[in-house]
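All of the numbers you see were taken from the coordinates with simple rules; none came from a lab. In this text, all values refer to a predicted model and were calculated from it rather than measured experimentally. Neighbour counts are summed over all protein chains in view; Cβ atoms, including those assigned to glycine, are modelled from backbone coordinates with ideal geometry.
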Amino acid sequence: MNIFITGASSGLGEALALLYAERGAVLGLLARRRDKLETLAYNLAEKTTVRIYQGDVCDRDAVQYAADDFMASFGVPDIVIANAGVSYGTVTGGSGDGDLPVFREVINTNLLGMVYTFHSFVDTMRQARAGTLVGVASIAGYRGLPGSGGYSASKAAAIAYLESLRVDLQDSGVSVVTLCPGFVDTPMTRYNPYPMPFLITAQKAAQLMIRAIDRKKRCYLFPWQMMLIGKMLPMIPDSVFDAFFRFFLKRVSTKPRKDLPHGDE
């Protein structure tokens, strides 16, 4: 089994790599931090074959190079997981450009990075009439969360993109899986200054994700408590949604801005 994962140097990407390595899968791992990739590859060397690629998913050429090299070395991937993502608090307005560069980074990474990843593999997979494309979105994409306009918008767009892609690839032999985690204990969430109900470990999240991928579930929200919340969110009247967060924001802070401690997936 050949598996390519973006955002693999920490968090969910690292947890997925560790579990797939236990299965003996050949891994292609792409991330921005080469030192962490090298450490991960060293730790996995006795279990499986690992090829690492330093690069940013916003760099289309870097992603295409990694995809071409991986396929030339190991053949068509069985699974491609677009996991790379960033999350920062964002505010519209302010002096100068304000958070506009942050909005751009979040949307480019979380949406276009996914598109670039799949674009680099999908034609070959379609020709082989095999494989699964997996996109990591978020329950945060089901409603616009205060202070997280960039993140919520990017994940909502990812959910819509993945649904569109799934329908486009019907009867092609290529499956599309949308994964929408709730709160997972990763560097991305560790500095959130608000309650994170039903928080699960990255290892548990990766186990649930792999099970959903094995079953080729079209869209999987998890854990189950957050699945119920995610399903209900779109049905909450706007007035109730607004009132809840008016009350909530008087008591807690929103997601940290980029100049404060943060993490990525």
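Just want the ordering: Val86, Val240, from fewest to most Cβ atoms lying within 10 Å of their own Cβ.
Details: Val86 24, Val240 9.
Ordered by Cβ neighbours within 10 Å, fewest first: Val240, Val86.
Volume per residue of the convex hull around the Cα atoms, evaluated for region 1-159, comes out as 109 Å³.
Taking the charge dipole of the chain about its Cα centre, with +1 at Lys and Arg Cβ atoms and -1 at Asp and Glu Cβ atoms, the residue from Gln54, Ile213, Ser95 reaching farthest to the positive side is Ile213.
Extending 7 Å from Cα along the Cβ direction at Asp185 and again at Lys204 yields two label points whose distance is 0.8 nm. Among Phe121, Phe247, Phe183, which one moves the most in a GNM of the chain with springs linking Cα atoms closer than 10 Å? In this elastic network of the chain, the residue with the biggest mean-square fluctuation among Phe121, Phe247, Phe183 is Phe247.
Among the helices of the chain (complete DSSP H runs), which have Cα atoms covering no less than 27 Å along the helix axis and a Kyte-Doolittle mean of at least -1.0? Before the final figure, lay out each step's value.
Numbers: long enough: 149-168 (28 Å, 0.20).
TM-like helix candidates: 149-168.
Could you put Lys204, Lys231, Lys155 in order, starting from the residue whose Cβ has the fewest other Cβ atoms within 10 Å? All intermediate terms of the calculation are to be shown ahead of the outcome.
Details: Lys204 15, Lys231 12, Lys155 26.
Ordered by Cβ neighbours within 10 Å, fewest first: Lys231, Lys204, Lys155.
With neighbours defined as other Cβ atoms within 10 Å of a residue's Cβ, the residues Ser148, Ser164 order from fewest to most as Ser164, Ser148.
Counting only DSSP H runs of at least 4 residues, each contributing -39500 (n - 2.57), and dividing by the residue count of the chain, the helix-based mean residue ellipticity at 222 nm comes to -14000 deg cm²/dmol. For region 1-51, the alpha-carbon coordinates run over 24, 17, 15 Å along the three principal axes, in decreasing order. The Kirkwood radius of the chain, taken over pairs of alpha-carbon atoms, gives through the Stokes-Einstein law at 10 °C and 1.306 mPa s a diffusion coefficient of 85 µm² s⁻¹. Rounded to the nearest 5, what % of the DSSP beta bridges within region 98-240 are antiparallel ones? Expressed as a percentage, antiparallel bridges in region 98-240 total about 0. Could you compute the net charge surrounding Asp214? Neighbours are other residues with a C-beta less than 13 Å from the C-beta of Asp214; K and R count +1, D and E count -1. Once all neighbours under 13 Å are counted, the net charge is +4. Charged side chains reduced to their Cβ positions (Lys and Arg at +1, Asp and Glu at -1) give region 2-249 a dipole of some 660 debye around its Cα centre. The slack in the chain from Leu228 to Asp168, taken as 0.36 nm per residue of separation less the alpha-carbon distance, amounts to 18.8 nm. Computed from label points 7 Å out along Cα-Cβ, the spacing between Arg104 and Arg218 is 3.7 nm.
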